[in-house]
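Colleague: Questions regarding the structure given below will be posed in turn.
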Amino acid sequence: MTPLRKGTDVNGRQWRTTIAAAQAGDRRALDELVEGWLPLVYNIVGRALNGHADVDDVVQETMLRAVGNLGTLRDPDSFRSWLVAIAMRQIRDRARRRTSESLADDAAQEATDFAELTVLRLQLEGQRREVAEAVRWLDDEDRQLLSLWWLEVAGELTRRELAAAVGISRQHAAVRVQRMKARLEAARGIVRALDSACLDRRELTARWDGRPDSVWRKRLARHIRGCRHCAAPGEAVVPAERLLVGLALVPIPVGFTLSLALGGKTAAAATTAATGVGWSAKVVAALTKPAVAMTAGATIVAGGAYVVTQPDSAPPKVAAPPTASSTSRPKPPGPTAKPSQSPSPSRTREDPYGTVVDALDRAPDPNARPADLPRRPESGLTSTGGPKAVMQHRGDSVTLSGQGYVLVRWQISPKSWPGALVMPAWTGLKGKLFHVASGGGRRMDDTFAENADGYTSGMGGPRVGYTVLPNGTQQMWQNEYFYVDGTVTLTQNERGADYGLIVFPSNRDAVTKDVMTGPAQGAIRYGLVRDTGKDTAPIPQYVTRSTPADASTVRQKSRVTG
């Protein structure tokens, strides 16, 4: 790892001039300074608190103190270590202010799981993903140290800065880091065990609510020590530091807002206080007047609020991981609704393709035979996943190219992890994509007598919990059929609820056979033909022509965007 020079960030940028200008009252320099260093503070605090709802407050307090005391900084080259030390003090102060009881009460109100955010936004796979998920199993003190060590290994901090931020010597820091790494490796073993097919482990965790804590960490560690299956990693384990070298910072989420208001101080009082430590009245004025400085995606606004804006075209936040309330065994799905007309498509001159009315469709009568499936050209469809692409983990994807039909088969597992489901997304569309039919002999919410596994429908049951769809999402069937004319990528966005997808290139004859198989042949219901044969046929709700870094942020709207 190349050591960082004083006064630079990981990209080698020199900040001395900017810092000096901000100290002298340059409004643009202050705006640039806050925007440039906010990601580092956000990553330290986010990982130390694992995305707890207090992250925003701690980040805000850190930046407020940095802005308010910038005049006391004598050496601009030490700005990074000075800022990191402020962040760590705020993290420790927050821990002292809160009792263990209050933290437990707040657990259900966490804003974002930072481990999941790291995996999603950095698109981590394999053992890198394993390291990120292992953070959940560390104690607060270890997470605080890891938040700095992670950035040290990634090239964002030096060991000297790490030690200074923790308030210990470099020698003591080395010992602390080694102990933390040992506990991190043990946590990685737990993550691997939870992904394994060990029947004893499954029986052990049958009553686990899915929240990592010290009790379950000890139980799982004991199991791993005595289990040949779970103790064997299955592949060579790469040391965490090798996995994290050069890893980028987790981007700040779209819509993240940071308020740097000067509390209850008046402008005059703030000016006096700031001037007493060499702070410029011009900077204080910049923090207490209406919007004056704009940068890309950021602005200082009235009252001294620093806001990272969310543009109108930005996707909404994805569904949050399930909370205790969302997995507390809701009522079983009611009886199948009576059939209704399919949503009537709409077209505009400006958008002749890719727009349908967003409306939840009801299940047709079980004995109602579907309409004939229109014929579309089939020159052949190729898949990067081959004839059968199995996508069981978040981030798995398959790219389809050509002209033909494709089957997406759903596998939902609330017994493993119930709660809110983040739908898969179709991205990078070049050409056209239609949702032509639904089959498999049942919708996933079709009810049946509870079976031995505790299911009353494909969405779950009272004993195993339920998988919950995002608001406005049409209920999927066991088999969903699409028609591709061009190129598109389907990405599995598992987060919270456990699900898998199997993707098969298909053909019209196979689709017709599936949807025409009805109750008399052992299915719960006939399928449903959605295709109109024209560009007015439905399209998937989660589709875009763009290629976002995080596919789970694709808008839930039946309109091709991008």
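The values are calculated or read from the model by the stated rules, or taken from the named source; none is laboratory data. Since we're looking at a predicted model, the values are computed, not measured. Virtual Cβ from ideal backbone geometry, glycine too; neighbours counted across all protein chains shown. Areas reflect the complete protein model, heavy atoms only, side chains present, ligands, DNA and RNA absent. Shrake-Rupley method; radii C 1.70, N 1.55, O 1.52, S 1.80 Å.
Colleague: I'm told GLU141 meets every condition in (1) out of contact with any helix residue (DSSP H, G or I) (no Cβ under 6 Å at 6 or more places or on another chain); (2) in contact (Cβ under 8 Å) with a residue 24 or more places away in the chain except one. Can you identify the failing condition by its number?
Modeller: Answer for GLU141: the failing condition is (2).
Quick grid of which residues meet (1) without any contact (Cβ under 8 Å) to a residue 60 or more places away in the chain; (2) closer than 19 Å to GLY126 by Cα:
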| site | (1), (2) |
| --- | --- |
| ALA182 | yes, no |
| VAL191 | no, yes |
| ALA206 | yes, no |
| GLY210 | no, no |
| ARG217 | no, no |
| ARG222 | yes, no |
| CYS227 | yes, no |
| ALA231 | yes, yes |
| PRO251 | no, no |
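Colleague: While we're looking at this one, here's another question. With respect to ASP209, determine if the residue is under 26 Å from the mean Cα position of the chain (by Cα) and open to solvent by 60 Å² or more (accessible area, probe 1.4 Å).
Modeller: yes
Colleague: Right, ALA206: modelled with pLDDT of 85 or more and either within 23 Å of ASP453 (Cβ to Cβ) or among the β-branched types (Val, Ile, Thr) (or both) or not?
Modeller: Numbers: modelled with pLDDT of 85 or more: yes; either within 23 Å of ASP453 (Cβ to Cβ) or among the β-branched types (Val, Ile, Thr) (or both): yes.
Answer is yes for this residue.
Colleague: Now for a separate question. When residues of the stretch 517-547 are filtered for being open to solvent by 40 Å² or more (accessible area, probe 1.4 Å) and either modelled with pLDDT of 95 or more or part of a loop (DSSP other than H, G, I, E, B) (or both), how many remain?
Modeller: Residues meeting the conditions: 9.
Colleague: Does any residue of the stretch 497-511 turn out to be assigned to a loop (DSSP other than H, G, I, E, B) and open to solvent by 10 Å² or more (accessible area, probe 1.4 Å)?
Modeller: Scanning the stretch 497-511, I find at least one residue that is assigned to a loop (DSSP other than H, G, I, E, B) and open to solvent by 10 Å² or more (accessible area, probe 1.4 Å), so the answer is yes.
Colleague: Which residues, counting only those in the stretch 369-387, are touching a Pro at 6+ places or on another chain (Cβ under 9 Å) and closer than 17 Å to VAL511 by Cα?
Modeller: PRO370, GLY380, LEU381, PRO387
Colleague: Right, next: Small (Gly, Ala, Ser) and in contact with a Lys or Arg (Cβ under 9 Å, 6 or more places away or on another chain): is that true of GLY472 in this structure?
Modeller: Details: small (Gly, Ala, Ser): yes; in contact with a Lys or Arg (Cβ under 9 Å, 6 or more places away or on another chain): yes.
So GLY472 passes the test.
Colleague: Pick from ARG394, ARG463, ARG442: which is closer than 30 Å to PRO212 by Cα, open to solvent by less than 70 Å² (accessible area, probe 1.4 Å) and of a type in the set (D, E, K, R)?
Modeller: Step by step, each of ARG394, ARG463, ARG442 is checked, and only ARG394 is closer than 30 Å to PRO212 by Cα, open to solvent by less than 70 Å² (accessible area, probe 1.4 Å) and of a type in the set (D, E, K, R).
Colleague: In the stretch 398-416, which residues are modelled with pLDDT under 95, touching a strand residue (DSSP E or B) at 6+ places or on another chain (Cβ under 9 Å) and surrounded by fewer than 20 Cβ atoms within 10 Å (Cβ to Cβ)?
Modeller: GLN411, SER413, LYS415 - these are the residues of the stretch 398-416 that are modelled with pLDDT under 95, touching a strand residue (DSSP E or B) at 6+ places or on another chain (Cβ under 9 Å) and surrounded by fewer than 20 Cβ atoms within 10 Å (Cβ to Cβ).
Colleague: Which of the strands (runs of 3 or more DSSP E) found entirely inside the stretch 373-423 contain at least 2 residues meeting this: in contact (Cβ under 8 Å) with a residue 60 or more places away in the chain, touching an Asp or Glu at 6+ places or on another chain (Cβ under 7 Å) and not aliphatic (A, V, I, L, M)? Walk me through it before giving the result.
Modeller: On the way: elements: 380-383, 389-391, 397-412.
Those strands (runs of 3 or more DSSP E) span 397-412.
Colleague: Anything in the stretch 153-171 that is crowded, with 23+ Cβ neighbours inside 10 Å and under 27 Å from SER214 (Cα atoms)? List them, or say none.
Modeller: Listed by number, the residues that qualify are LEU162, ALA165.
Colleague: What pairs come out if I take residues in the stretch 456-469 that are among the aromatic types (Phe, Trp, Tyr) and pair them with residues that are at pLDDT 85 or above whose C-beta lies under 8 Å away, six or more apart or interchain?
Modeller: Qualifying pairs under 8 Å: TYR466/PRO414; TYR466/MET459; TYR466/GLY460.
Colleague: Quick test of your reading of the structure: LEU64 fulfils all but one of (1) at pLDDT below 85; (2) out of contact with any helix residue (DSSP H, G or I) (no Cβ under 9 Å at 6 or more places or on another chain); (3) not small (Gly, Ala, Ser). Name the failing condition by number.
Modeller: The one condition LEU64 does not meet is (1).
Colleague: Counting only residues that are in a strand (DSSP E or B), open to solvent by 10 Å² or more (accessible area, probe 1.4 Å) and either of a type in the set (Ser, Thr, Tyr) or at pLDDT 90 or above (or both), how many does the stretch 468-478 have? Spell out how you get there, then give the answer.
Modeller: So in the stretch 468-478, the residues in a strand (DSSP E or B) come out as 468, 477-478.
Restricting the remaining residues to those that are open to solvent by 10 Å² or more (accessible area, probe 1.4 Å) gives 468, 478.
Next, from what is left, pick out any that are either of a type in the set (Ser, Thr, Tyr) or at pLDDT 90 or above (or both): 478.
Result for the stretch 468-478: 1.
Colleague: Taking the condition buried (at least 20 other Cβ atoms within 10 Å of the Cβ), out of contact with any Gly (no Cβ under 9 Å at 6 or more places or on another chain) and of a type outside the set (S, T, N, Q), does ALA452 pass?
Modeller: In short, no.
Colleague: Right, something else. So, ASP446, is that one at negative phi, free of Cβ contacts under 8 Å to residues at least 60 places away in the same chain and of a type in the set (D, E, K, R) or not? Steps first, answer last, please.
Modeller: On the way: at negative phi: yes; free of Cβ contacts under 8 Å to residues at least 60 places away in the same chain: no; of a type in the set (D, E, K, R): yes.
It is false that ASP446 is at negative phi, free of Cβ contacts under 8 Å to residues at least 60 places away in the same chain and of a type in the set (D, E, K, R).
Colleague: Report, by residue number, each residue of the stretch 495-512 that is of a type in the set (D, E, K, R) and modelled with pLDDT under 95.
Modeller: If the condition is that a residue be of a type in the set (D, E, K, R) and modelled with pLDDT under 95, then ARG495, ASP498 are the ones that fit.
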